Amino acid sequence: MTGDKQTGTIPANGIGETAQNVRLRHFAYGSISLLLAGGVFAMAYLFMSTTQSADELALRHERALVTEALEHSLELEARHQTFVAVNDKTAREVQIDDRIDETFAHEIARQMWLDFHHDWTLIVDGRNDLILVAAEDEIVPSAAGQEVLDTTRDLVAKARIGYQTVRRPSADGFKVKYVEKGKLAPIYATDVRNIDGRPALVSAMAIVPESADLSLPDGPPGVIVSVSLIEEAFLSEIGETLLLENFTYVAGTGHHQASVPVSAHGQQPIGYIEWTSAAPGSKIRRTIGPIAAVLMLMFIAIGVFFARRLAQKSRALEDSEALNRRMASHDLMTGLANRPHFHAALDRAIDQCQTTPCAVMAIDLDRFKSVNDTYGHVAGDMVIRQVAQRLRKVLSGHALIARTGGDEFVALLRGPVDDNRLRWLSDTLIEAIAQPVPVSGGLAQIGVSIGWASAPKHADTASHLLALADQALYSAKENGRNMAVCIEDLYKQQQQLDQEDSRSIRRRAVRG
């Protein structure tokens, strides 16, 4: 029977006590579910973490390759310059003659474009004047290269500083020793720059003699500046070499995860080189993921199967234990609480009666013996079961009902136990139980007598409260049966009798 939270009443069928216990099958379900969840999570985490690590490792490797390719391209830009910059004829014309022969200038332009694909080739003399400007393989006016020179003046200065650090005095000037074609001495500077709004590899190299026969005068050397635009052909070649797909340059600050910055002056990036990462882990996830999912589902299915088997076993054990507990605390014929169960609940209620009042209703059937005598004990048992059902129907949610004897019942109520409520419940019980009970051979007609008392109003111990309820019950029996009496009614009757006796004594005293 369900308890009433608002009135603080007690569950009548013992289910509340059972629900407080941790059930074995719930523990089994929980344990196996936890193991399954942990196993699935561990497998999923291991699968995802390893494949993600593979993606990250591949991406780091790709970034290192691209960074190295850009650095190599800058170094290669400088190496290409050595064929013109480390050259006796170039050094003589720039440093000594202070001019470049027109034919030689065209040779330089064609060589730097046709052999090395330099988009711009500039030569600056010691006074920082442009004495050669070539756009691809064409000689153009000096003014056309002024913007390129302005963008690369710091590199020109660095190349000259490098020259100053490695030059050595000679009999007729200065020389830079141990410089050979294809070999780099620290007489150059490279970087990435924006040229005409496009990224470019830039190198500036001091112009020095190739042989020991020629020396340079004191002062800043001439410098050759080479510019190779980072264009589609250049990117495509690097992408094919590195086996990277969709290798491209993107201007601006936004960038893809698979990218490396392209920085000018070592400052904020002017753009990014981007590509599609090989992402081996992602490919593994796409390939192995469905198989792994099937395996995990199989793992879950096996776990659920064993969980159900274990739950079935534990449920049977629980049902057996629940039946044993119920048999120990309930009347087998009616399913109501038995005497020990009732007394235990009453003791708990008395302990809390100062904050949550309680009441005991002693209930005894009227004319039940005649049912046994007339219709037999089987019919009597049917009547008892029918009465138990009617008690449940009326008191459901209000009380814990117990069968304490053959035709004796008792009910424990908690919460509001005022006289009006108890009288209403008693009248309802009397009316319900007075209805005839069909039995084999006819209709059994019974009634019920009820007595009640409450705590702490009338008593503050369990035994006293039960005694008062029984006393009220006996009064109901003696005064005509099929009625309900509160112990307080007896107190009032006794007070009235005492008052009448006092008046009688006073009248006799006056007459005397």
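Numbers below:
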{"read-out": "Region 147-158 - phi-based ³J(HN,Hα) in whole Hz, Karplus 6.51/-1.76/1.60, Gly and Pro as x", "value": "5, 4, 5, 4, 6, 10, 4, 5, 5, 4, 5, 5"}
{"read-out": "Cα-based radius of gyration of the chain once divided by 2.2 N^0.38 Å, which approximates compact folds", "value": "2.29"}
{"read-out": "Placed amide H near residue 439: partners under 5 Å, 5+ positions off or other chain", "value": "444"}
{"read-out": "Cα→Cβ-extended label distance, 7 Å offset, between residue 491 and residue 52, nm", "value": "7.4 nm"}
{"read-out": "Where 275, 424 fall by accessible area, highest first, once all protein chains stay in place (1.4 Å)", "value": "424, 275"}
{"read-out": "Accessible surface of residue 67 - all protein chains present, 1.4 Å probe, nearest 10 Å²", "value": "60 Å²"}
{"read-out": "Percent accessible area from carbon and sulfur atoms, region 315-416, protein chains only, probe 1.4 Å", "value": "53 percent"}
{"read-out": "Portion, in percent, of the accessible area of region 188-294 that falls on carbon or sulfur, probe 1.4 Å", "value": "53 percent"}
{"read-out": "Average accessible area per residue (Å²) across the chain - probe 1.4 Å, nucleic acids and ligands excluded", "value": "53 Å²"}
{"read-out": "Tail beyond 16 Å, pair distance distribution of region 62-177 (Cα, percent)", "value": "66 percent"}
{"read-out": "Structure-based [θ]222 nm, the chain - -39500 (n - 2.57) summed over DSSP H runs of at least 4, per residue, nearest 500", "value": "-17000 deg cm²/dmol"}
{"read-out": "Projected label distance in nm at residue 351 and residue 110, using a 7 Å step from Cα toward the beta-carbon", "value": "11.3 nm"}
{"read-out": "D (Stokes-Einstein, µm²/s), Kirkwood Cα radius, region 101-259, 1.002 mPa s at 20 °C", "value": "125 µm²/s"}
{"read-out": "More than 22 angstrom apart: percent of Cα pairs within region 376-452", "value": "24 percent"}
{"read-out": "Listed peptides 36-45, 227-236 by packing density, highest first (mean Cβ within 10 Å)", "value": "227-236, 36-45"}
{"read-out": "Mean separation of Cα contacts under 8 Å (6+ apart) over length of region 64-168, as relative contact order %", "value": "17 percent"}
{"read-out": "Whole-number D in µm²/s for region 401-502 (Stokes-Einstein; Kirkwood sum over Cα pairs; 37 °C, 0.692 mPa s)", "value": "219 µm²/s"}
{"read-out": "Mean shadow area of region 126-210, taken as a quarter of the surface of its Cα convex hull (nm²)", "value": "6.6 nm²"}
{"read-out": "Formal net charge of residues neighbouring residue 278 (Cβ-Cβ distance under 10 Å; K, R +1; D, E -1)", "value": "-2"}
{"read-out": "Over the chain, relative contact order from alpha-carbon pairs under 8 Å, at least 6 apart, %", "value": "16 percent"}
{"read-out": "Length gained when the stretch residue 34-residue 65 is fully extended (0.36 nm per residue, less Cα-Cα span)", "value": "6.6 nm"}
{"read-out": "Table column - 3J(HN,Hα) (Hz), region 446-462, Karplus curve with 6.51, -1.76, 1.60, x for Gly and Pro", "value": "10, x, 8, 10, 9, x, 9, 8, 10, 10, x, 4, 9, 7, 10, 10, 5"}
{"read-out": "Close Lys-Lys pairs in the chain, where close means Cα under 30 Å and separation is 8 or more or interchain", "value": "19"}
{"read-out": "Computed over region 306-376, Kirkwood Rh from alpha-carbon pairs, angstrom", "value": "16.0 Å"}
{"read-out": "Rh (Kirkwood; distinct C-alpha pairs) - region 354-407, Å", "value": "12.8 Å"}
{"read-out": "Residue-count net charge about residue 71 - beta-carbon cut-off 14 Å; Lys, Arg +1, Asp, Glu -1", "value": "-2"}
{"read-out": "Shape parameters for region 188-239, alpha-carbon atoms, Rg then Dmax in Å", "value": "15.6, 45"}
{"read-out": "With all protein chains modelled, accessible area of residue 106 [1.4 Å, Å²]", "value": "60 Å²"}
{"read-out": "Cα-only radius of gyration and Dmax that characterise region 237-293, units Å", "value": "15.4, 51"}
{"read-out": "Cβ-defined net charge surrounding residue 50, 15 Å radius [Lys, Arg +1; Asp, Glu -1]", "value": "+1"}
{"read-out": "Per residue convex hull volume, Cα atoms of region 458-497, in Å³", "value": "63 Å³"}
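The values are calculated or read from the model by the stated rules, or taken from the named source; none is laboratory data. What you are looking at is a predicted structure, and each value in this text was computed from that prediction instead of being measured. As a convention, Cβ positions derive from the backbone with ideal geometry for all residues, glycine included, and neighbour counts pool all protein chains shown. Please note that ligands, DNA and RNA were not included when accessible areas were found on the heavy atoms of the full protein model with its side chains. Shrake-Rupley method; radii C 1.70, N 1.55, O 1.52, S 1.80 Å.
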